[in-house]
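J.: The structure follows.
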């Protein structure tokens, strides 16, 4: 009898041990899955551990959401800045994705929050696995990571000259690796590089004496400005190897005097339509000044889409380049329909052709007639 009882007890103990072992194994397997990470180095040189597979992210800072949109990784978003909801003007990635409005808000965003980042408490409400951010110093990124316990990965836009921008390409490669979008990152980099190569092929051999003098005015810089606001290294001009007359004064954004523009007297003037209302107002006050310029007298004033909204909208800048090319070098760009080309670029990068929506916000690619204002 005792032997039978002992046998039963032993059998029960063995069953419990087996059952317990199964639970431990399952638990260990789950823990291993959760804690599996990879090390990356972000764009400010920080070594960050991120999950090997990332399903939930948030974006903060100028241009961050744009880069993620270019990667076709928007399905992983669980939160965005309020700035991305309240101001859609001039941002193709936002026009192409109205569903972003349904996401939780993680902070204010906008220029005032540069190098500040999102609200840690609001970030924790949506529990992303990675926080992507732009324009943040390493120490501030470390602090945000400490407050949230969530990996913070800093991306970069660098300084945009022509469209082959190492900082942007490296940011796409890095975020593509983290999000399992390596192939898409390569496709985007190739697409942008091929556009610059095409523009070079069309313009790099044009002799300087055949290049007209050109100027761009009304460039936005911490607000909208008039015709005196210009830039020496203006990306669409740089991409076309043009003779930007303002480059003789500076490579940066500058404000020039009206006397300086009269002295330069460029053959063609392009107006950034973000500030076109100011140019119209100034023209009404002082038409003689404008009509003293050859570009105005000869009807060579053209509107281009603004691309500096929450940093550079690369897609719009490239579309502007093709339009400007058709104006300056019509034979070289005779095969290009600028509006169709813009939609081709938008379709590839943000998933939807939004030229018509951009055109409604501004005046689109147009020869501007100031005499009717």
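The values are calculated or read from the model by the stated rules, or taken from the named source; none is laboratory data. Since the structure is predicted, the reported quantities are computational estimates derived from the model, not experimental observations. As a convention, Cβ positions derive from the backbone with ideal geometry for all residues, glycine included, and neighbour counts pool all protein chains shown.
J.: Of the residues 74, 86, only one is in contact with a helix residue (DSSP H, G or I) (Cβ under 9 Å, 6 or more places away or on another chain) and not assigned by TED's automatic domain parsing to the domain that holds residue 310; which?
T.: Unique residue meeting the criteria: 74.
J.: Out of curiosity, is residue 167 under 21 Å from the mean Cα position of the chain (by Cα), closer than 30 Å to residue 195 by Cβ and surrounded by fewer than 22 Cβ atoms within 10 Å (Cβ to Cβ)?
T.: yes
J.: On to the next question. If you scan region 284-293, which residues turn out to be under 23 Å from residue 212 (Cα atoms) and either exposed (fewer than 15 other Cβ atoms within 10 Å of the Cβ) or outside the structural domain of residue 223 (by TED's automatic domain parsing) (or both)?
T.: 291, 292
J.: Looking at region 286-332 only, could you name the residues that are more than 30 Å from residue 348 (Cα to Cα) and either part of a helix (DSSP H, G or I) or under 25 Å from the mean Cα position of the chain (by Cα) (or both)?
T.: 287, 288, 289, 290, 291, 294, 295, 296, 297, listed by residue number.
J.: Which ones in region 150-186 are free of Cβ contacts under 8 Å to residues at least 40 places away in the same chain and part of a helix (DSSP H, G or I)?
T.: 166, 169, 173, 182, 183, 186
J.: So, in region 105-122, how many residues would count as being closer than 30 Å to residue 345 by Cβ, at pLDDT 95 or above and not in a loop (DSSP other than H, G, I, E, B)?
T.: The total comes to 1.
J.: Here's another thing I want to ask about it. Would you check if there is a residue in region 210-222 being within 18 Å of the chain's Cα centre (by Cα) and part of a helix (DSSP H, G or I)?
T.: No, there is no match, as no residue in region 210-222 is within 18 Å of the chain's Cα centre (by Cα) and part of a helix (DSSP H, G or I).
J.: Does residue 239 meet the test of being at pLDDT 95 or above, surrounded by 15 or more Cβ atoms within 10 Å (Cβ to Cβ), in the same structural domain as residue 360 (by TED's automatic domain parsing) and within 19 Å of the chain's Cα centre (by Cα)?
T.: Criteria met by residue 239.
J.: While we're looking at this one, here's another question. Could you please give the count of residues in region 337-353 that are crowded, with 16+ Cβ neighbours inside 10 Å, without any contact (Cβ under 8 Å) to a residue 40 or more places away in the chain and not in a helix (DSSP H, G or I)?
T.: Residues in region 337-353 being crowded, with 16+ Cβ neighbours inside 10 Å, without any contact (Cβ under 8 Å) to a residue 40 or more places away in the chain and not in a helix (DSSP H, G or I): 1 in total.
J.: Restricting the search to region 85-104, which residues are in a helix (DSSP H, G or I) and in contact (Cβ under 8 Å) with a residue 60 or more places away in the chain?
T.: Once the filter is applied, which keeps residues that are in a helix (DSSP H, G or I) and in contact (Cβ under 8 Å) with a residue 60 or more places away in the chain, region 85-104 yields 92, 93, 95.
J.: Okay, moving on. Go through region 342-357 and give me each residue that's within 29 Å of residue 279 (Cα to Cα) and touching a helix residue (DSSP H, G or I) at 6+ places or on another chain (Cβ under 7 Å).
T.: 342, 343, 345, 346, 353, 354, 355, 357
J.: Turning to a different aspect of this structure: Under 7 Å between Cβ atoms, at least 6 apart or on separate chains: pull out the pairs that start in region 248-259 with a residue that is farther than 17 Å from residue 220 by Cβ and end on any residue that is assigned to a helix (DSSP H, G or I).
T.: From residues that are farther than 17 Å from residue 220 by Cβ, the pairs are 258/289.
J.: Checking residue 356 against (1) assigned to a loop (DSSP other than H, G, I, E, B); (2) within 20 Å of the chain's Cα centre (by Cα); (3) surrounded by fewer than 16 Cβ atoms within 10 Å (Cβ to Cβ), only one condition comes out false. Which one?
T.: Failing condition for residue 356: (1).
J.: Condition (residue is closer than 17 Å to residue 40 by Cα, assigned by TED's automatic domain parsing to the domain that holds residue 52, in contact with a strand residue (DSSP E or B) (Cβ under 7 Å, 6 or more places away or on another chain) and not in a loop (DSSP other than H, G, I, E, B)) applied to region 139-149: is it met by at least one residue?
T.: Scanning region 139-149, I find at least one residue that is closer than 17 Å to residue 40 by Cα, assigned by TED's automatic domain parsing to the domain that holds residue 52, in contact with a strand residue (DSSP E or B) (Cβ under 7 Å, 6 or more places away or on another chain) and not in a loop (DSSP other than H, G, I, E, B), so the answer is yes.
J.: Only one residue in 273, 281, 209, 252 is surrounded by fewer than 15 Cβ atoms within 10 Å (Cβ to Cβ), at negative phi and either modelled with pLDDT of 95 or more or in the same structural domain as residue 62 (by TED's automatic domain parsing) (or both). Which one?
T.: Answer to the selection: 281.
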